[in-house]
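All remarks here apply to the structure that follows.
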Amino acid sequence: MEKNYQNLEDTIEIDPTGENRDEFIKKQMEDAIEKTGDLMDAFDVAYQKGRVDLFWRWIEEQNLQRDMIANSFEYLVFHVGEKEMEKKKCFKTMIEEKGLDYLKKIYGQGLGDKIKELYQKRKINYMDISFLTKIDREMQRKVQADVIEKLADLYLDGNLMIGVHRTGGMENAGKNISAEGLNLTGDISSGAKVEHKNIKDKLAKNITFIDSLGFMTRELVASVGYKNHDQKLIDNIIIAIPKEELKRENSQIIIKDEGQERLAPKFIAGYVVVDCAEKVMQEYVENSKSIINKKSVATWLQRFQGWKDVLGKSQYPRKKAELMSEISENLKDKTANQQKQEVQFRDVP
């Protein structure tokens, strides 16, 4: 849907040069907003003048970063024409670059670094950044950051098919499904025998597979309206299945018990507890039975190398220390000899 703009330069007589030009453009942006009340009209002015940096500087001065980033998708749909490809590219780039900095500011450096890593690996884009900003609740940032960071780890793995099952608020759903597996009831409700192309197609009747972190967080927060439940807290089941496992003909992904088909517990990564009233993700509970929560040393080494490649020298030692701490926790139940053999890469420079 396109919006018809009046030419904002109709009221401009002569474009000044030199040190007065920035103030002139800024005044134009402010005039545009005063006339229409629309931030994107100010963006238009800055874009036409080739000074989008001035637009963002003004956004920061007015403390409007959250509004601009959170609503970026809507701004694109309603304010940028389908044929304005260069303007659209410019706007997306601005949201991505400034949005990454903003997310680090509100959620902290640890999560900020992981989101940046996902972006550099092209696993998220401006829409994900918009969603992650939109779910921000100032008084709950630490709580939500902890949940998002654990979800980010799943997407950073790169070898997992990740999805969510919304329980609709069943009591102790997260705990029970983690222990027993997820009942696959999608075909039962149809009343007819259904042929599936593959395992993923069958699982999709009960699981929503999601390719990116931002869309996952949006789905989790949106779950509060699912099945019109009236519970304060609901559990949303997080599924993580190795992609190679999905390709195996003899895969043990689906198990049967007295005729009931279930997704095996080892493919339940955990569950996210969502506060329905506040629309806040309160907690991520890992499933001890999940195969992905029993990380191999090879997996740790892969993550370590990924951090080394992405981070600068100033952040690298901190990430290395975090990694070694996590390895120590994951290897607690191994013998001293096994631990010694498996962490020999401790001194990788």
Checklist (1) of a type in the set (D, E, K, R); (2) part of a strand (DSSP E or B); (3) within 21 Å of the chain's Cα centre (by Cα) applied to R262, failing item: (3)
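Residues checked against (1) more than 25 Å from Q252 (Cα to Cα); (2) of a type in the set (F, W, Y); (3) at pLDDT below 95:
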position	(1), (2), (3)
Y155	no, yes, no
G163	no, no, no
L182	no, no, no
G191	yes, no, yes
E195	no, no, yes
K205	no, no, yes
Give the residue that is surrounded by the most Cβ atoms within 10 Å (Cβ to Cβ), with candidates limited to residues of segment 82-93 that are closer than 16 Å to A42 by Cα and in contact (Cβ under 8 Å) with a residue 40 or more places away in the chain. F91
Contact list please: Cβ distance under 6 Å, first residue in segment 129-141 and farther than 10 Å from I106 by Cα, second residue open to solvent by 10 Å² or more (accessible area, probe 1.4 Å), pairs at least six apart or on different chains. S130/F73; F131/R218; I135/V221
Lone unmet requirement of (1) at pLDDT 80 or above; (2) open to solvent by 70 Å² or more (accessible area, probe 1.4 Å); (3) part of a loop (DSSP other than H, G, I, E, B) for R218: (3)
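Scan segment 48-79 residue by residue and report those that are open to solvent by 70 Å² or more (accessible area, probe 1.4 Å) and out of contact with any Ser or Thr (no Cβ under 7 Å at 6 or more places or on another chain).
Step one: filter segment 48-79 for residues open to solvent by 70 Å² or more (accessible area, probe 1.4 Å), giving 48, 53, 57, 60-63, 66, 73, 78.
Once the filter is applied, which keeps residues that are open to solvent by 70 Å² or more (accessible area, probe 1.4 Å) and out of contact with any Ser or Thr (no Cβ under 7 Å at 6 or more places or on another chain), segment 48-79 yields Q48, D53, R57, E60, E61, Q62, N63, F78.
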Only one of these conditions is not met by I33: (1) of a type in the set (A, V, I, L, M, F, W, C); (2) closer than 27 Å to K104 by Cα; (3) free of Cβ contacts under 8 Å to residues at least 60 places away in the same chain. Which number is it? (2)
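The values are calculated or read from the model by the stated rules, or taken from the named source; none is laboratory data. Computed from a predicted structure; not experimentally measured. Using ideal geometry, Cβ is built from the backbone for each residue, glycine included, and neighbour counts are taken over all protein chains shown. SASA here: full protein model, heavy atoms, side chains in, ligands and nucleic acids out. Shrake-Rupley method; radii C 1.70, N 1.55, O 1.52, S 1.80 Å.
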